[in-house]
Amino acid sequence: MAESKIDKNKIPELLKAVSADYTLYGPKDEAGIVAMGRINSVEELMLDYRNSTISAKELFLPRAEVVYEFDGQKFVDDKLSDEKRVIFGMRPCDCRALALLDRNFDTDQVKDPFYITRRQNTIVVALACNQPASSCFCTVTGGDPFGQEGADVLLGDIGDSLLAKAVTPKGKDFLASYSKFFLRQGSGNWDKQAKEARNKIKTELNIENIKSCLDDRFENDVWKTVSLKCLGCGACSYLCPTCYCFDLVDEKTSTGVKKVRTWDCCMFPLFTKHASGHNPRDVNSARLRQKIMHKFSYYMERYGVNGCVGCGRCVRRCPVNLDIRGVLEQLMAAPNIATEK
Amino acid sequence: MKNPYRPILTKIEKVTVENEAKDLKTFQLVFCNEEEANDFRFQCGQFAELTVLGVGECPIGIASSPMDKAFLEFTVKRYPDGLVTNALHNCRLGDKIGVRGPLGNSFPMEKMEGKNVVFVGGGFAFTTLRSTIKYMLHEDNRSKFGNLTLVYGARSPGELLYKEQLKEWEALNDIETHITVDKGDENWKGKEGFVPAVLDQVAPSPNNAVVLVCGPPIMLKFTLPVLTKLGFGSGEIVTSLEMRMKCGIGLCGRCNIGSKYVCRDGPVFTFEQLQALPAEM
């Protein structure tokens, strides 16, 4: 696709023009952390950030949203978001996470209208990653600091300006609409930049055979070892851009009820507890196993890819420094001996 | 796009208290909207999410037959800690109940055509088996299936589900019934003994046969070796699982065993399929 670049001085003008046509979202400071939030004035947008503390997941799967309302007599028409949005400056790992979420919420069998509408109404402008953190491991899980999966437009920072390329037809239209801010350019020097960024990811971990390795070790004491210090707090799931498990909760209104979908987490004991009291995952090690197996075995089995994008948020924010990379290493190193039940 | 979370409305037409402990009730629900009634087509073994509006949802197997077009039946066990099952048990005739479904796969109805079918049921896990027996005994369907044999048991005579129906079936020549209780009372004239033991005595032939087994885990544990001994292959032994569920459509992430979602890939699995899954039930 055609490539172009934009002088960094022009970015405020571009963002103002975009804000006139779309609701603009992007990385901003929210009480000391970087969140993907609504940009009310273009000065708020931060483009010199490493990665957002909180992922962009909540822009597609809000922490809580009404999935239907019953007014006491009848169901109220669904309130699907009609907001036309541009998310500007999302990191490639989070873009790739959207491509993974699509596999769950937009399938041949089941379509989630709330998620799909938001995806359709959003243009994702990704910003490639020049400064991966020491906790980043996107290249381990199949991603890339300059990856474009899940994005509509990819931008790359080359100092005074940003390179831009369209990834999807939607992205091409976007760049065409705002072409006056961009200079045409034959071919940007993406490869060199991308290689440099890739080399900055120091995590050395090969998870090529992770699925069969985990499947072989389902019944293994190593799960008890790796889960010993896990508090089961669920911070990792809430920050994870690909964790999508949810709960459905009834709330009463003045005349009727509404059903609210909220984030949930497989690390919580009640997640799987039956009304009878029986719980198939009644210990923390079984729950951590579920979390790891879901991402690196079950996701692979259902969709042919693993369900982790290597953004490193769970590594950075775990209150007891449980590092998923270390956990995977320990699991792969464990002797393949099933534990007697 | 259809909203997969929104139920359709039904009204409680009839409530039957099924057991002496009074914690099992069968709810007969009629659709509030004729069009929705016509659209609700299900197969034996499927389930639905029942909504008590303002309280929550719970997944329950459909106990009525697909041939019963005018209503749906669900037999619900009330658990002391079960928010929704308690609310359901407190509902009255005429109350509105939301139904979302049909959900999940079904018993292998096509595969069973031309074959003998053995039903092995225990306690209140008998609901979707009852749906299947009713369906197969229906005059429009009976000729499609071979001999039908039922072994059904409960703890005591008072805990047997669908007592009137069981009497009707016993009076028919169309299905061989063996009803047993763990321990009888002074009025009980039927069999005494656990389901696996009775099944062993009845010894149904595995030739050209499929067996549907639904019961508590302890019954399944002792039934499987009996079936294996009788010569049933693990692909011909079919069961139905329960799990805590929310969405019922494979999205919310909680009812999986390994990579399989009980709600979408199940609830019906063959024993062969279960053997390939991790032991996490």
Q.
Looking at A:Asp144, A:Asp102 in this structure, which one is under 21 Å from A:Cys311 (Cα atoms), part of a helix (DSSP H, G or I) and among the acidic types (Asp, Glu)?
A. A:Asp102
Q: Search segment A:71-123 for residues being without any contact (Cβ under 8 Å) to a residue 40 or more places away in the chain and among the basic types (Lys, Arg), and hand back the single one that is surrounded by the fewest Cβ atoms within 10 Å (Cβ to Cβ).
A: A:Lys74
Q) Going through segment A:50-84 one residue at a time, which ones are under 18 Å from A:Leu248 (Cβ atoms) and assigned to a loop (DSSP other than H, G, I, E, B)? A) A:Phe60, A:Leu61, A:Pro62, A:Arg63, A:Val76, A:Asp78, A:Lys79, A:Leu80
Q. Which residues, counting only those in segment B:135-167, are of a type in the set (Gly, Ala, Ser), more than 17 Å from B:Ala125 (Cα to Cα) and in a loop (DSSP other than H, G, I, E, B)?
A. B:Gly146
**Q.** helices (runs of 4 or more DSSP H) contained entirely in segment B:168-281, each with at least 3 residues that are surrounded by fewer than 16 Cβ atoms within 10 Å (Cβ to Cβ) and without any contact (Cβ under 8 Å) to a residue 12 or more places away in the chain
**A.** B:217-230
Q. Counting only residues that are part of a loop (DSSP other than H, G, I, E, B) and open to solvent by 30 Å² or more (accessible area, probe 1.4 Å), how many does segment B:18-46 have?
A. 7
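Listed here are the residues, each with its yes/no results for (1) touching a strand residue (DSSP E or B) at 6+ places or on another chain (Cβ under 8 Å); (2) aliphatic (A, V, I, L, M); (3) more than 30 Å from A:Phe268 (Cα to Cα).
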{"residue": "B:Leu166", "(1), (2), (3)": "yes, yes, yes"}
{"residue": "B:Glu176", "(1), (2), (3)": "yes, no, yes"}
{"residue": "B:Gly190", "(1), (2), (3)": "yes, no, yes"}
{"residue": "B:Leu212", "(1), (2), (3)": "yes, yes, yes"}
{"residue": "B:Gly253", "(1), (2), (3)": "yes, no, no"}
{"residue": "B:Pro267", "(1), (2), (3)": "yes, no, no"}
{"residue": "B:Leu274", "(1), (2), (3)": "yes, yes, no"}
(Q) For segment A:133-190, give me each residue that is acidic (Asp, Glu) and over 19 Å from A:Val18 (Cα atoms). (A) A:Asp144, A:Glu149, A:Asp157, A:Asp160
Q: Name the residue, out of A:Val249, A:Val283, that is out of contact with any strand residue (DSSP E or B) (no Cβ under 9 Å at 6 or more places or on another chain) and closer than 21 Å to B:Met243 by Cα.
A: A:Val283
Q.
I need the full set of residues from segment A:20-32 which are open to solvent by less than 50 Å² (accessible area, probe 1.4 Å) and either modelled with pLDDT under 95 or small (Gly, Ala, Ser) (or both), in order please.
A. A:Gly26
Q. Restricting attention to segment B:102-122, which residues are outside any helix (DSSP H, G or I) and either free of Cβ contacts under 8 Å to residues at least 24 places away in the same chain or open to solvent by 20 Å² or more (accessible area, probe 1.4 Å) (or both)?
A. B:Pro102, B:Gly104, B:Asn105, B:Ser106, B:Pro108, B:Glu113, B:Gly114, B:Lys115, B:Asn116
Q: Taking the residues in segment A:249-306 that are of a type in the set (Val, Ile, Thr) and more than 7 Å from chain B (Cβ to nearest Cβ) as candidates, determine which candidate is surrounded by the most Cβ atoms within 10 Å (Cβ to Cβ).
A: A:Ile292
Q | Candidate set: segment A:33-49, residues that are in a strand (DSSP E or B) and farther than 17 Å from A:Cys93 by Cα; chosen: the one least open to solvent (accessible area, probe 1.4 Å) | A | A:Gly37
Q. Is it true that A:Tyr244 is at the interface with chain B (Cβ under 9 Å from one of its Cβ atoms), outside any helix (DSSP H, G or I) and crowded, with 16+ Cβ neighbours inside 10 Å?
A. yes
Q) Within the group A:Leu163, A:Leu214, which residue is crowded, with 17+ Cβ neighbours inside 10 Å and within 14 Å of chain B (Cβ to nearest Cβ)? A) A:Leu214
Q. Would a scan of segment A:177-195 turn up a residue that is open to solvent by less than 20 Å² (accessible area, probe 1.4 Å), assigned to a loop (DSSP other than H, G, I, E, B) and modelled with pLDDT of 95 or more?
A. yes
Q | A:Arg316 in the same structural domain as A:Gly234 (by TED's automatic domain parsing), in contact (Cβ under 8 Å) with a residue 60 or more places away in the chain, out of contact with any Cys (no Cβ under 8 Å at 6 or more places or on another chain) and farther than 19 Å from B:Tyr261 by Cα | A | yes
Q.
Being more than 8 Å from every other protein chain (Cβ to nearest Cβ), touching a residue at least 12 places away in the same chain (Cβ under 8 Å) and closer than 18 Å to A:Cys213 by Cα: is that true of A:Arg325 here?
A. yes
Q) Restricting attention to segment A:119-134, does a residue exist that is in contact with a Gly (Cβ under 7 Å, 6 or more places away or on another chain), over 28 Å from A:Glu44 (Cα atoms) and of a type in the set (Gly, Ala, Ser)? A) no
Q | Answer residue from segment B:47-84, given it is assigned to a loop (DSSP other than H, G, I, E, B), among the hydrophobic types (A, V, I, L, M, F, W, C) and away from every other protein chain (no Cβ under 14 Å) and is surrounded by the most Cβ atoms within 10 Å (Cβ to Cβ) among those | A | B:Ile62
Q) In this structure, is B:Gly253 over 18 Å from the mean Cα position of the chain (by Cα) and within 14 Å of chain A (Cβ to nearest Cβ)? A) yes
**Q.** Checklist (1) open to solvent by 20 Å² or more (accessible area, probe 1.4 Å); (2) within 14 Å of chain A (Cβ to nearest Cβ); (3) of a type in the set (Val, Ile, Thr); (4) out of contact with any Cys (no Cβ under 8 Å at 6 or more places or on another chain) applied to B:Val99, failing item
**A.** (1)
Q. Do you know which residues across segment B:1-17 are more than 9 Å from chain A (Cβ to nearest Cβ), open to solvent by less than 20 Å² (accessible area, probe 1.4 Å) and over 19 Å from B:Glu35 (Cβ atoms)?
A. B:Ile12
Q | Checking B:Glu280 against (1) touching a helix residue (DSSP H, G or I) at 6+ places or on another chain (Cβ under 9 Å); (2) more than 10 Å from every other protein chain (Cβ to nearest Cβ), the condition it does not meet | A | (2)
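The values are calculated or read from the model by the stated rules, or taken from the named source; none is laboratory data. Everything quoted here is computed from the prediction, not taken from an experiment. Methodologically, a virtual Cβ is constructed for each residue, glycine included, from the backbone with ideal geometry; neighbour enumeration extends over all protein chains shown. Surface accessibility is based on the protein's heavy atoms, side chains included, excluding ligands, DNA and RNA. Shrake-Rupley method; radii C 1.70, N 1.55, O 1.52, S 1.80 Å.
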